[in-house]
Amino acid sequence: MTDYICLLVTLFYLRAETLMECAVKVKIDKIPECCLEYFREQESKEFFKSILPEHVKSLGPIVDVKEIFEVIIDND
C-alpha cells in the first residue's frame, strides 16, 4: 500500500464552457476520511478544490473526482 492517492479532478471551465481535467497526487493522511469515502459530496469537492494548483482552482466548479492508478510526470 502507498502513502499517496492519485485523483483525476474534472472541472467545468467557465470561460471556455468546457470540461478540464487535472491529475493530482496527495498524501492520504492529508485528506479527511469522509472525503476519501465520498468523493462526489459537496464538502469533499470543496476540500479537493483547496488542494488543486492555484492556476486551476479559479477555472470553475468541480463536477467529478475519480481515483486513478498513478500520476507520472515526464521531465524529458
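A few remarks follow.
- The residues in region 25-40 that are out of contact with any helix residue (DSSP H, G or I) (no Cβ under 9 Å at 6 or more places or on another chain) and assigned to a helix (DSSP H, G or I) can be counted, and the count is 2.
- Search result, residues across region 62-76 that are surrounded by 11 or more Cβ atoms within 10 Å (Cβ to Cβ) and either modelled with pLDDT of 90 or more or touching a helix residue (DSSP H, G or I) at 6+ places or on another chain (Cβ under 9 Å) (or both): I62, V63, D64, V65, K66, I68
- Residues (under 14 Å from T10 (Cα atoms) and either surrounded by fewer than 16 Cβ atoms within 10 Å (Cβ to Cβ) or without any contact (Cβ under 8 Å) to a residue 40 or more places away in the chain (or both)) located in region 21-30: E21, C22, A23
- So R40, is it touching a residue at least 40 places away in the same chain (Cβ under 8 Å) and of a type in the set (K, R): no
- Check on F39, surrounded by 12 or more Cβ atoms within 10 Å (Cβ to Cβ) and in contact with an Asp or Glu (Cβ under 9 Å, 6 or more places away or on another chain): yes
- Flag for E33 being touching a Lys or Arg at 6+ places or on another chain (Cβ under 9 Å) and surrounded by fewer than 11 Cβ atoms within 10 Å (Cβ to Cβ): no
- If the condition is being part of a strand (DSSP E or B) and more than 14 Å from F47 (Cα to Cα), then region 12-24 contributes F12, Y13, T18, L19, M20, E21, C22, A23.
- Some residue of region 41-48 being assigned to a loop (DSSP other than H, G, I, E, B) and more than 11 Å from the chain's Cα centre (by Cα): yes
- Residues within region 1-19 that are surrounded by 14 or more Cβ atoms within 10 Å (Cβ to Cβ) and of a type outside the set (S, T, Y), tallied: 7
The values are calculated or read from the model by the stated rules, or taken from the named source; none is laboratory data. Predicted model, so just to flag it, every value in this text is computed and none were measured. Methodologically, a virtual Cβ is constructed for each residue, glycine included, from the backbone with ideal geometry; neighbour enumeration extends over all protein chains shown.
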